[in-house]
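One structure below.
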Amino acid sequence: MADAGTRRVGRPSRRRRHGGGLHSRGRLPGGRDRLVSARLAEVELRRVQLALVSPFRTSFGAETDRDVLLVRVALEVDGERIDGWGECVALREPVYSAEFVDAAELVIDEHLVPRLVDGPPVSAASVAGRLAAVKGHPMAKAAVEMAVLDAELRHRGECLARHLGGTVDRVPSGVSVGIFDSIDELLSAVQGYLDEGYLRIKLKIEPGWDIEPVRRVRELIGPEMGLQVDANTAYGRSDIEHLCRLDEFDLLLIEQPLAEEDIVGHAQLARASATPVCLDESIVSLATAADAIELGATQIINIKPGRVGGYLEARRIHDLCVDRGVPVWCGGMLETGIGRAANAALASLPGFTLPGDISASTRFYARDIVTDPIVVVDGHVAVPTTPGLGFELDLPHLDTVTRSSTLIELSS
């Protein structure tokens, strides 16, 4: 492991007591009340460097490696100390969203953790409310909530899929294919993913790399296989007529073609195009999802837990979409096995009716940081059933790829 640091955060003397001890009751998404007694004892922030097996290019740039921020929390739960892990999906630069990994580490250390020290005991259900005073930073908040949730579920002996209300034991797997220098390279890559058994292909597009690449891939995979495109906000309202040319390829959806704030433009495209419009970057909360649906700006929603502030908010968006009859699928952010396992659990909910970007670990990494990497079998990924988020870390390898670590000890 590279450099490590330790600092202490003092716990304020004020402590709210519930009943005879430090207890609080929280209603879980499934409607069950659980007694939670948890003291946040320690937080570790790890920066992990992982090379991608090949560059991944989108309309906002190319990734060749991942600078991953991991969050470990140690909870003292009913006298037992339990570790939980979360993964922050923020990229190195603020190009997908305003968040980036350096800022996420800082905001967790200086603004989020202190808000979990004061007040009542920590529970996953309480994290979002306690961090709400900090504006924005959903990816940082999601990583913290994820770690607390992992620890809680490990303590209970409960898996994430059951906690969220999952209904299946495996989920269909799609693959996200980046932008290439030539169509021949693109077709070669797509053929490789077909050979690996993926059930759906998603193509990244941008101006100048859209109609012809999509045409050629549709010819390669045939008319029956699911095909969709993702523009990552690369187009404007003036491109609506051009984007309607994609209708001839019978796509599952076109994802986030316009700027994230252009809800009206997406509604205009939805009216003009036969291809369903799917929002990604525009959906950052339950409220934005409800507004986009109400305004007719989206017919499908890509749910990314990190983008919306965590798996509990993701579940609420899922429930809204089921109620409104809007299909959802689970997007990806180049996650390690930590995030992939949790995403598979989320995608086991009944509203996830389209294949997600839950691909094999080997899609991006030669070696994952978990002991049992995610694999695709018959076009599907198994939903984890072990307690917690559904993974165990390969600690020796994790230490090898860790480039920095900060330990925040919380005094009582």
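Criterion first (touching a helix residue (DSSP H, G or I) at 6+ places or on another chain (Cβ under 7 Å), buried (at least 17 other Cβ atoms within 10 Å of the Cβ), of a type outside the set (Asp, Glu) and modelled with pLDDT of 95 or more) does residue 243 satisfy it?
On the way: touching a helix residue (DSSP H, G or I) at 6+ places or on another chain (Cβ under 7 Å): yes; buried (at least 17 other Cβ atoms within 10 Å of the Cβ): yes; of a type outside the set (Asp, Glu): yes; modelled with pLDDT of 95 or more: yes.
Yes; evaluated as a whole, the condition is true for this residue.
Look at residue 27 and say whether it is farther than 30 Å from residue 206 by Cα and modelled with pLDDT of 95 or more. So residue 27 fails the test.
Filter the range 290-305 down to residues that are among the charged types (D, E, K, R) and without any contact (Cβ under 8 Å) to a residue 60 or more places away in the chain and give me whichever is farthest from residue 160 (Cα to Cα). Please lay out each step first, then the result.
The initial filter retains those residues of the range 290-305 that are among the charged types (D, E, K, R), namely 291, 294, 304.
Still in the running and without any contact (Cβ under 8 Å) to a residue 60 or more places away in the chain: 291, 294.
Working: 291: 28, 294: 30 Å.
Per the stated criteria, the residue is 294.
Confirm whether residue 281 is among the charged types (D, E, K, R), outside any loop (DSSP other than H, G, I, E, B) and touching a helix residue (DSSP H, G or I) at 6+ places or on another chain (Cβ under 9 Å). Steps first, please.
Numbers: among the charged types (D, E, K, R): yes; outside any loop (DSSP other than H, G, I, E, B): no; touching a helix residue (DSSP H, G or I) at 6+ places or on another chain (Cβ under 9 Å): yes.
Taking the combined requirement at face value, the residue does not satisfy it.
Filtered by the rule that a residue be part of a strand (DSSP E or B) and within 16 Å of residue 335 (Cα to Cα), the range 73-111 gives 85, 86, 87, 88.
Restricting the range 246-262 to residues that are surrounded by fewer than 20 Cβ atoms within 10 Å (Cβ to Cβ) and not charged (D, E, K, R) leaves a set whose member that is nearest to residue 206 (Cα to Cα) is 259.
Looking only at residues in the range 36-51 that are more than 18 Å from residue 367 (Cα to Cα) and of a type in the set (Gly, Ala, Ser), the one that is modelled with the lowest pLDDT is 37.
One residue is enough: does the range 356-372 have a residue meeting the conditions among the basic types (Lys, Arg), surrounded by fewer than 22 Cβ atoms within 10 Å (Cβ to Cβ), assigned to a helix (DSSP H, G or I) and at pLDDT 95 or above? Scanning the range 356-372 turns up no residue that is among the basic types (Lys, Arg), surrounded by fewer than 22 Cβ atoms within 10 Å (Cβ to Cβ), assigned to a helix (DSSP H, G or I) and at pLDDT 95 or above.
Matching residues to (1) at pLDDT below 95; (2) part of a strand (DSSP E or B); (3) at positive phi; (4) touching a His at 6+ places or on another chain (Cβ under 9 Å):
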position: 163; (1), (2), (3), (4): no, no, no, no
position: 167; (1), (2), (3), (4): no, no, no, no
position: 172; (1), (2), (3), (4): no, yes, no, yes
position: 175; (1), (2), (3), (4): no, yes, no, no
position: 180; (1), (2), (3), (4): no, no, no, no
position: 187; (1), (2), (3), (4): no, no, no, no
position: 191; (1), (2), (3), (4): no, no, no, no
position: 198; (1), (2), (3), (4): no, no, no, no
position: 202; (1), (2), (3), (4): no, yes, no, no
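The values are calculated or read from the model by the stated rules, or taken from the named source; none is laboratory data. This structure is a prediction, so every number in the text was calculated from the model and none was measured. Methodologically, a virtual Cβ is constructed for each residue, glycine included, from the backbone with ideal geometry; neighbour enumeration extends over all protein chains shown.
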